[in-house]
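Here is the structure we will look at, set down as structure tokens.
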Amino acid sequence: MKILVTGANGQLGCEVAKQGREQELVLTDCDTLNITDGIAVAKCMRDIKPDAVIHCAAYTNVDGAETDEDAAFRVNVVGAQNLAAGCLETGARMVYVSTDYVFDGTGRKAYREFDMVNPQTVYGRTKWQGEEMVRQILSRHYIVRTAWLYGEGNNFVRTMLRLANEQNTLRVVNDQIGSPTSTVDLATVIFKLLQTDGYGTYHATCQGHCSWYDFACEIFRQAGKQVKVEPVTTAEFPRPAKRPAYSVLDNYMLRMTIGDPVRGWQEALQVYLKNHSSC
Ligand SMILES: NC(=O)c1ccc[n+]([C@@H]2O[C@H](COP(=O)([O-])OP(=O)(O)OC[C@H]3O[C@@H](n4cnc5c(N)ncnc54)[C@H](OP(=O)(O)O)[C@@H]3O)[C@@H](O)[C@H]2O)c1
């Protein structure tokens, strides 16, 4: 299968590139294919004629989006529109990666794919609008929502390990609940979905859930780091963009279709730390 990958230097893009080595991959990033440039995207799609696009590129600066809505819209909505239109013209399918931030986080039960969205941030709203753009343009789509992602590059796990080397005590938010998810598991789901005709919307996170505080404690326990972690509230850590308090996703549609191949978050973390021992 010939697959065009956008955002190939990002966290997820790197893992997709690794797992897709057996396929014919065309890896692109900002410098080689700026997805906001409609003419460039159309030309690229016509030249390459991929069987599928795995769209990993996104404006992911959640706080930055609050003051730069146009930039977030251009990448997350117009970018998705350009790629979906290119897929429609050339007959390719498309994977659009989305986020738990489409929900408002006031729920108390894991969100399923058809629960009402209610994004509370510019980032969440633009990712939802990107989803809608893809749905409207291209029927052969897989919209895959994930959360609390870590892989190559900057992420919570690496930040915690770095801070543990610099400070004796860390204060970490204990009233936001989610499911830490390794890019390894997400990329595995994406390649499995691409082998099916099960178009539609999916949730894909590692099993289980925890708070950021619990996640930090587990990182230090598994990495053997001695550091004091103090639980704090979101109110004590004000950020420009509101974080969902509860953003656990239920991989319901995965279970209904291909089965749920996703591991528990602690197991995925263990493998990540083993493979990134220099973090
Ligand atoms: N990280 C999370 O916790 C999380 C949670 C839920 C969902 N997601 C979603 O998962 C997907 C992958 O996230 P990630 O963590 O891998 O993101 P990431 O590491 O921030 O990577 C995003 C990539 O997109 C590229 N990009 C940005 N603007 C572009 C443009 N105009 N044209 C082409 N490429 C562009 C970036 O390139 P530059 O670096 O050169 O700008 C970067 O390589 C995204 O759709 C994100 O919304 C992420």
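The values are calculated or read from the model by the stated rules, or taken from the named source; none is laboratory data. Source: prediction; values computed, not measured. Methodologically, a virtual Cβ is constructed for each residue, glycine included, from the backbone with ideal geometry; neighbour enumeration extends over all protein chains shown. The area values use the complete protein model at the heavy-atom level, side chains included, leaving out ligands, DNA and RNA. Shrake-Rupley method; radii C 1.70, N 1.55, O 1.52, S 1.80 Å.
Data for the structure
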| quantity | calculated |
| --- | --- |
| Failed item in (1) more than 9 Å from the ligand (Cβ to nearest atom); (2) more than 19 Å from T99 (Cα to Cα); (3) open to solvent by 10 Å² or more (accessible area, probe 1.4 Å), with N34 passing the rest | (1) |
| Scope region 1-10; condition surrounded by 19 or more Cβ atoms within 10 Å (Cβ to Cβ) and within 8 Å of the ligand (Cβ to nearest atom); matching residues | T6, G7, A8, G10 |
| Qualifying positions in region 31-55 - of a type in the set (G, A, S) and in contact (Cβ under 8 Å) with a residue 24 or more places away in the chain | G38, A42, A52 |
| Y150 vs. criteria within 25 Å of S211 (Cβ to Cβ), at pLDDT 95 or above and not basic (K, R) | yes |
| Selection from region 238-267 of residues that are in contact with a Cys (Cβ under 8 Å, 6 or more places away or on another chain) and surrounded by 21 or more Cβ atoms within 10 Å (Cβ to Cβ) | V262, W265 |
| Any hit, region 165-177, residues being within 12 Å of the ligand (Cβ to nearest atom) and within 19 Å of Y252 (Cβ to Cβ) | no |
| Scope region 103-112; condition over 15 Å from S179 (Cβ atoms) and within 19 Å of the chain's Cα centre (by Cα); matching residues | D104 |
| Matching entry among Y96, Y59, Y101 (being within 9 Å of the ligand (Cβ to nearest atom) and part of a helix (DSSP H, G or I)) | Y101 |
| Which numbered condition E22 fails, given (1) open to solvent by 20 Å² or more (accessible area, probe 1.4 Å); (2) within 14 Å of the ligand (Cβ to nearest atom); (3) of a type outside the set (K, R); (4) in a loop (DSSP other than H, G, I, E, B) | (2) |
| Count of residues meeting criterion [closer than 26 Å to R243 by Cα, hydrophobic (A, V, I, L, M, F, W, C) and open to solvent by 10 Å² or more (accessible area, probe 1.4 Å)] in region 173-200 | 3 |
| Unmet criterion (only one of (1) at pLDDT 95 or above; (2) within 21 Å of Y96 (Cβ to Cβ); (3) within 15 Å of the ligand (Cβ to nearest atom)) for F156 | (2) |
| Which numbered condition Q136 fails, given (1) closer than 30 Å to K18 by Cβ; (2) away from the ligand (no atom under 12 Å from the Cβ) | (1) |
| Criterion: free of Cβ contacts under 8 Å to residues at least 60 places away in the same chain and more than 12 Å from the ligand (Cβ to nearest atom) - qualifying residue of R112, R108, R125 | R125 |
| Residue, surrounded by the fewest Cβ atoms within 10 Å (Cβ to Cβ), within region 46-56, restricted to residues that are of a type outside the set (D, E, K, R) and not in a loop (DSSP other than H, G, I, E, B) | I48 |
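Here is a yes/no grid of residues against (1) modelled with pLDDT of 95 or more; (2) in contact with a Phe, Trp or Tyr (Cβ under 9 Å, 6 or more places away or on another chain); (3) open to solvent by 40 Å² or more (accessible area, probe 1.4 Å):
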position	(1), (2), (3)
N61	yes, yes, yes
E66	yes, yes, yes
V78	yes, no, no
G86	yes, no, no
E89	yes, no, yes
V102	yes, yes, no
G105	yes, yes, no
D115	yes, yes, yes
